[in-house]
Amino acid sequence: MKVDLRRFFRACNPSKVLRIEKAEERKYYIDFSKVRGAEIIEELGQTIALMSPDPTCQLFTGHIGCGKSTELLRLKAELEKQKFHVVYFESSQDLDMGDVDLSDILLAIARQVKESLEAINISLESEYFTNLFKEFVQLLKTPIAIDSGELSWGIGKITLKAKESPQVRNQLRQYLEPRTENLLKAINEELLEPAKLKLEEQGKQGLVVIVDNLDRVDNRLMSLGKTLPEYLFVQRGDQLDSLNCHVVYTIPLVLMFSNEREALKQRLGGGTSPMVLPMVPVRLKDGSDCLEGLALLRQMVLARAFPELSPQERLNLIEEVFDSTETLDRLCRVSGGHVRNLLSLLYTCLRKRKALPIMRERLEIAIRESGNELSLAITVDEWELLRRVAQSKKLTGEDEYQTLLRSMFVFEYRNERGELWFDLNPVLAEIEEES
Amino acid sequence: MSDGQIPQPRANGNEELLSDLARTVEMSEGEFTLLLARCNYSHLRECLVKQLREQYQLKFREIRLEPSVKTLYTTIQEALGEEKPLAVMVLGLESVEAIEQVLTSTNQVREEFPKNFPFPLVLWINDSLLSLLIRLVPDFRSWGMSFNFTLATDELIDFLRQKAEKVFAAVEAVDELVRTDAIFSPQERAEISSALKQLQNQGVELDPELEANLEFCLGRNDCASGQIDSALAHYQKSLDFWQQQEEDEPRKKHSLERQGIILFHVGKCYCYQAQHNQQENKDYWQKAEETFRECLEKFEQAGREDLAAKFIGKLGEVLRQQEAWLELEKLAQKSLKLHQENGSPNRLAQDYIFLAEIALHREQWRNARQWAKKATSIPTEPQHPQRGLYCLLLAQALRKLGSTQEAIDCMEKATEENQPEFNPRVYIRLLSELRSLYYEQKKYLEAFEVKQKQREIELKFRLRAFIGAGQLHALQKELAPVFAASGRQQDVNYLVNERIALPKYKLTVLYGPSGVGKSSLVNAGLVPVLQGKAMGDRNVLPITLRVYTNWVKELGKKLAEVPETREGTENLPNPFKKDSITIDSLDGIKAQLRANADNHLLTVLIFDQFEEFFFVCTKLEERREFYGFLLECLKGIEIQFVKVILSLREDYLHNLLEFEQFAAVQEFDSDLLKKDRRYYLGNFSPDAAQKVILELTQRAQFGLESDLIDALVKDLTTELKQVPPIELQVVGAQLQTENISALKEYRKKGPKEKLVERYLEEVILDCGSENQRAARSVLYLLTDENNTRPLKTKTELGKELAAEADQLDLVLEIFVKSGLVFRLSALPEDNYQLVHDYLVKFIRQQKGSEIIAELQQEKQQRILIQEKLNRFLIVAGLVLAGLASLAVVFALESRKQAKMARKQAKMAFVRQLAATSESIGSQEPSLYETSALLALESMKQSQKIKNWVSLEADRALRNSLILLPNSIARISHQGYVYAVAFSPDGKYLATGSGDNTARLIEVTTGKEIARISHQKDVYAVAFSPDGKYLATRSEDNTARLIEVTTG
């Protein structure tokens, strides 16, 4: 079977975001959750069960695309077994991740909780939210029809509008942000408190809100000298923490290396560290391959070439794509388990005329170019730092995170025993060896 | 920057890459794909773009970014409009000024790219941009695939050779009097250094001539950035090469020309060093002279009289600096001849000026006037750096010849026509000459204004460190660095980034003591930073209001002004182009604010010196109208995207309670003035003051000995461990005026009080000798025996002073302008007040008794006159009795007003005490006691005021009392207390001491209920977990256990 080169090429575009909801793109999707530990989810569930009825706030993080959602959905199922009412939602559906403020998150939570309660026939009245909607309409100067069957006091319509239009978003924000305290109070007193009472009547243990995808909040530096995640989760952490129910937030991994890490623990994590889910393992601490991880990465590449085939069938067709299995393995290893990195290398190989099968030599050129390019940005001092990291396998402090991990000079690895270490981005490691 | 001479780059390695790029673009059709085309050379880039279009027949839309763009996403969006291109190519990113901002904002909206740009996007970048992408926006970069286009080695060498020759050609061609530093654009400089780097990486050796010429370029680069030593080293290397070439007969002429040019640059370096090293400048001027002479020799040897004519002027300037008049005269004669044959009128003018200066020096005024006139009669372009000098010399000559008015006219014209930046030192000399002319003419106000302008320019051009009692105003961009060194940058950063930038805050109340620099912060810090700054998708438009007599009209006027078009905001939409509209109603203001919001502006309304509002708007309805307006801004429904900053003195903060109440009644917010809406701007800490002094003085190259700075800070620090910025500025300004830079001098001429006195004295002198007495009296009258600063109206001052209303006008005007005295708008008449309490005692000391005597004498005289008048009035009074009674009513009314003002001053004093108590109470525990004492004093003072209770004093006292430690019991031992421990239930306290005892105390009463005696020191005590037993450990080799309840 021949590869549809154009389709393959387009599937490898690193600026493309996979949309699971599209059937065609779902075929490219590989489930990596098998290669990672599951105790983390257990611990999250236990804390909720133990602390109930007191509210809890827990943090969960990991590399983008490492399967957090899958794990959180498992948590949801687990808690529902224990008779909790669980509201799980992907915040990226309600929010624009490049531009989020506290009131946006609070509104999204309010809306999701309200809608989920309606679904089990718990309806609540709220003067605050009714007024809020009226003022929104007045504010936006556009008539918004609201039907009587509206589940979320009309907030749903508003948040949808806000997500699509930065203009509307900013309008709402300049209105709502100065009053976040009132909003919080209303959510607690007019939504969560009465909800809990009604849930109890139905024999439920309590209310849990799981906010997924908040880790995608852009790590941009705000003008106040903090990054957006630091602003949201640390500076305004105490407000995120003051919801009167169980909450699990996903947060960006960066915060784990931030100087604000301690503050984060105190202000939002209730004194405990966030739980971290690791990225796709491709090698072990001693440098040998992690076979399971490697096998999944191979599938990730091949699925893009042969989306319709079964995993085994794909393996039989490797030589349609690569000159040898070794070349494919080399690509997977040198990616360090970083999916976008892998795609980027693959993409560079595919742009040539007579691209297929990809020859080892071509891959090596792509690897070298990628390394050279990265090394352009590295100063002499940083090379020194990088050498230290390569030796000690450790990274200390936010500065090192910022310059090394964030710029993808260094990668983070974990093994199944939960050990964590750092090493150079493989493309750099090779340049370093040469020099 | 297109250069015809650069050979077309060959395709070689780039051919394949180009075809890859074309292929990728084709394959990605209809889908967003980020392609980073990396190329360091603009000529190569242009050539590649052309090839893509022509050879590969690639269809793409080309977008060239202006250096002023602020975002990438919207720029592309606007450029495209409805158009749906197959591909887009973006060029010019490397020349964007706010590149970091552009990149980060691009990253913020990166999700929008795939959503709205369904096509491949080719972004042209260079190496330094790539580094920036990797560091700043790794996420965005990781989306992209890059294509690295390079030049071959020989092309690189050609490129460099051509650039180096361009420099020499430009230097030779340029009119020397015009600045020559900017031959290369920043982009070209980057290209050159990347070419050098690439060649170095390839291990290519350049031929010596190219190397020597590049050394020259590097030298010029360093020179432009002020690295003179390094520049000299580069020039020397280049010079060495060309000196060797002199041996080679056919190249001799060329070599001599090159040497001349290089030597000229070396000489300029020495001039720079002479100007920047006050101590050793003689040596440097000497060196410069020698070098320029050598330079001229080389040109003459090469037979290039034309070049000699071009470069001879600099030697003249050096001779003038050295005041070598005889030498200069010789040179000027020679130069005159050269220029008559070769030169331009500009150069001739300069020769005349040399001759004029020589004549002035020799006191040959007529000659001087003649030469200077000759120079000024030559038309020159307005930017000519020496033009100011011509006028200055002419005016000096005219003055000496007694034509004062003509001299003044000449100077006035010169200061108007010239821009200070063309030659700041000359401009300052112009101003100082003009000031002394005005002063001589008894035009004191004009003289003072000129003096202030001079100060401002000195500040701007780093020739002055301190501003004295005035405030930084004028929102010129150039003053930003002065402000940065004023120790308030952090406050500005906080206000801009944590307040204005976050939607969370709509209202900020900025408050602090008087003289702490609030208005300076607003005008010189906040406004320039905010002006045109992009926040999210909005540009900020700051509007500052300072006058409240008719706030609607004032605010309307400010809003109607077209926002100053600044770089990068030209396309800022404003539907009301030119001030064609007038806004004079509240509705008009609201409409304009709404229009601003629609035009993507974030309007920041800054109400500076807001305390004035309460003086002016005395009627509640008036104030409520304003509150209603503010509240609408804060609500954000009808009026959106408006932020409000209220800046006022801390002793008027309580006035805002009325607004808070208003907001609460309107059910907006019951706690409008809560802590996170207020921002306190306090005095400096001693450490901060030290840093500020250091930065200000270093900036202005006014080096202070470090011991002097230490001593100064110590003197400036109050007992509350604070340094008032105003005092720092006043004392600092006087230090510079008197050129005191060593501790020894300071000790001799100080302490600070003496300096403040002399600072005052200088302002008094500025009022003119015949007004001195009046000036002194006015200052004195603005103080009182309690060492406070009473508010007085002009009428009141006039009464106490012996008449002469015009004198009073002048004196007050100068005082207000100098910043010594505040003018507070009030009805029916403005009040005047000294700017700061600490001035009071200086003024009262200063010849105080003499003035009092004089005043009393004057009063006596007035009484005599009054008596005469009275006698007359008795007669007239009979007739005018009816009218007189009316007058009495008016008089009583005005006295009542004066009394009110005095009461207000007393109230303000009480509030200030209370506020100080609160502010230091929040700082450090060592000041708690002081805080309480201050609060107590505030309470005491408030009781002296009739019919008034001060809530502030009450609150301050209550708050500070809490801070004081409250001791319940005191347990006395005869030795060290080594150990203390509470029982688990908290009821008992055990102590262990060096007096050989341990004691058990009942906590609530402090009563001792048991004493355990040892032979030696008791080091430790501990209760059992159940609290029943107490164990003690002693140095006497025993531990004892007792039952707590029984002892």
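The values are calculated or read from the model by the stated rules, or taken from the named source; none is laboratory data. Bear in mind the structure is a predicted one, so any value in this text is a computation, not a measurement. Heads up, the Cβs are rebuilt from the backbone with ideal geometry, glycines too, and the neighbour counts pull from every protein chain shown.
For segment B:747-788, the tally of residues that are modelled with pLDDT of 75 or more, of a type outside the set (S, T, N, Q) and part of a loop (DSSP other than H, G, I, E, B) stands at 5. Among the residues of segment B:994-1007, those that are within 16 Å of B:GLY975 (Cβ to Cβ) and either of a type outside the set (Gly, Ala, Ser) or modelled with pLDDT of 90 or more (or both) comprise B:ASP995, B:ASN996, B:THR997, B:ALA998, B:ARG999. The criterion of at least 1 residues that are within 30 Å of A:VAL254 (Cβ to Cβ) is met, among helices (runs of 4 or more DSSP H) falling completely within segment A:159-219, by A:166-176, A:180-186. Regarding segment A:278-286, can at least one residue be identified that is under 25 Å from A:LEU184 (Cα atoms), in contact with a helix residue (DSSP H, G or I) (Cβ under 9 Å, 6 or more places away or on another chain) and hydrophobic (A, V, I, L, M, F, W, C)? No, the conditions are met nowhere in segment A:278-286. Scanning segment B:500-530 for residues that are of a type outside the set (Val, Ile, Thr) and farther than 24 Å from B:LYS635 by Cα yields a total of 13. In segment A:75-119, which residue that is among the basic types (Lys, Arg) and touching a Gly at 6+ places or on another chain (Cβ under 9 Å) is nearest to A:GLU164 (Cα to Cα)? By that ranking, first place goes to A:ARG111.
Each residue in segment B:1008-1045 was checked for being within 14 Å of B:LYS987 (Cα to Cα) and β-branched (Val, Ile, Thr), and 3 of them qualify.
Of all residues in segment A:316-339, which are buried (at least 17 other Cβ atoms within 10 Å of the Cβ) and either within 14 Å of chain B (Cβ to nearest Cβ) or among the aliphatic types (A, V, I, L, M) (or both)? If the condition is that a residue be buried (at least 17 other Cβ atoms within 10 Å of the Cβ) and either within 14 Å of chain B (Cβ to nearest Cβ) or among the aliphatic types (A, V, I, L, M) (or both), then A:ILE318, A:VAL321, A:LEU328, A:LEU331, A:VAL334, A:SER335, A:GLY336, A:HIS338, A:VAL339 are the ones that fit. Scanning segment A:360-374 turns up one or more residues that are within 14 Å of chain B (Cβ to nearest Cβ) and of a type in the set (S, T, N, Q). Just one of the numbered conditions (1) surrounded by fewer than 16 Cβ atoms within 10 Å (Cβ to Cβ); (2) of a type in the set (D, E, K, R); (3) away from chain B (no Cβ under 12 Å) is not true of A:GLU412: (1). Criterion applied to B:LEU502, B:LEU510, B:LEU521 was being more than 20 Å from the chain's Cα centre (by Cα) and either within 11 Å of chain A (Cβ to nearest Cβ) or touching a residue at least 24 places away in the same chain (Cβ under 8 Å) (or both), and the one residue passing it is B:LEU502.
For segment A:291-298, the criterion of being of a type outside the set (Ser, Thr, Tyr), out of contact with any Gly (no Cβ under 9 Å at 6 or more places or on another chain) and under 20 Å from A:LEU5 (Cα atoms) is met by at least one residue.
Just so you know, in segment B:611-661 the residues that are charged (D, E, K, R) and not in a helix (DSSP H, G or I) include one that is farthest from B:SER917 (Cα to Cα), and it is B:GLU638. Screening segment A:41-74 for residues that are closer than 12 Å to A:TYR249 by Cα and aliphatic (A, V, I, L, M) and picking the one that is modelled with the highest pLDDT gives A:LEU59. From the list B:THR1032, B:THR991, the one residue that fits, being buried (at least 17 other Cβ atoms within 10 Å of the Cβ), in contact (Cβ under 8 Å) with a residue 40 or more places away in the chain, of a type outside the set (A, V, I, L, M) and assigned to a strand (DSSP E or B), is B:THR1032. Pairing residues of segment A:216-240 that are over 19 Å from B:VAL137 (Cβ atoms) with residues that are among the charged types (D, E, K, R), at Cβ distances under 7 Å and at least 6 apart in sequence or on separate chains, gives A:VAL234/A:GLU260; A:VAL234/A:ARG267; A:GLN235/A:LYS226; A:GLY237/A:ARG267; A:ASP238/A:ARG267.
Can you tell me which residue within segment B:623-670, out of those that are in contact with an Asp or Glu (Cβ under 7 Å, 6 or more places away or on another chain) and within 11 Å of another protein chain (Cβ to nearest Cβ), is surrounded by the most Cβ atoms within 10 Å (Cβ to Cβ)? Out of the qualifying residues, it is B:ILE639. Elements of the type helices (runs of 4 or more DSSP H) sitting completely within segment B:46-134 and holding at least 3 residues that are within 14 Å of chain A (Cβ to nearest Cβ), over 21 Å from A:GLU373 (Cβ atoms) and among the polar types (S, T, N, Q): these cover B:99-108. Going by the conditions given, is A:ILE187 buried (at least 23 other Cβ atoms within 10 Å of the Cβ), under 17 Å from A:ASP104 (Cα atoms), more than 14 Å from chain B (Cβ to nearest Cβ) and over 21 Å from the mean Cα position of the chain (by Cα)? Criteria met by A:ILE187. Of the residues that make up segment B:344-352, is at least one touching a Ser or Thr at 6+ places or on another chain (Cβ under 9 Å), of a type outside the set (D, E, K, R), surrounded by fewer than 23 Cβ atoms within 10 Å (Cβ to Cβ) and more than 22 Å from B:GLN321 (Cα to Cα)? Scanning segment B:344-352, I find at least one residue that is touching a Ser or Thr at 6+ places or on another chain (Cβ under 9 Å), of a type outside the set (D, E, K, R), surrounded by fewer than 23 Cβ atoms within 10 Å (Cβ to Cβ) and more than 22 Å from B:GLN321 (Cα to Cα), so the answer is yes.
Does B:ALA733 count as outside any loop (DSSP other than H, G, I, E, B), farther than 19 Å from B:ARG464 by Cα and away from chain A (no Cβ under 14 Å)? In short, no. Per the conditions (1) more than 14 Å from chain B (Cβ to nearest Cβ); (2) buried (at least 19 other Cβ atoms within 10 Å of the Cβ); (3) modelled with pLDDT of 90 or more, the sole criterion not satisfied by A:LEU214 is (3).
Residue by residue, here is whether (1) part of a helix (DSSP H, G or I); (2) among the acidic types (Asp, Glu) holds:
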site	(1), (2)
B:LYS334	yes, no
B:LYS337	yes, no
B:TYR352	yes, no
B:GLU357	yes, yes
B:LEU360	yes, no
B:PRO379	no, no
B:GLY388	yes, no
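When segment B:135-160 is limited to residues that are of a type in the set (Phe, Trp, Tyr) and touching a strand residue (DSSP E or B) at 6+ places or on another chain (Cβ under 9 Å), the one that is farthest from the other protein chains (Cβ to nearest Cβ) turns out to be B:PHE149. How about segment A:80-124: which of its residues are of a type outside the set (Ser, Thr, Tyr), farther than 20 Å from A:LYS68 by Cα and touching a Pro at 6+ places or on another chain (Cβ under 9 Å)? A:ASP99, A:ASP101, A:ILE122, A:LEU124 - these are the residues of segment A:80-124 that are of a type outside the set (Ser, Thr, Tyr), farther than 20 Å from A:LYS68 by Cα and touching a Pro at 6+ places or on another chain (Cβ under 9 Å).
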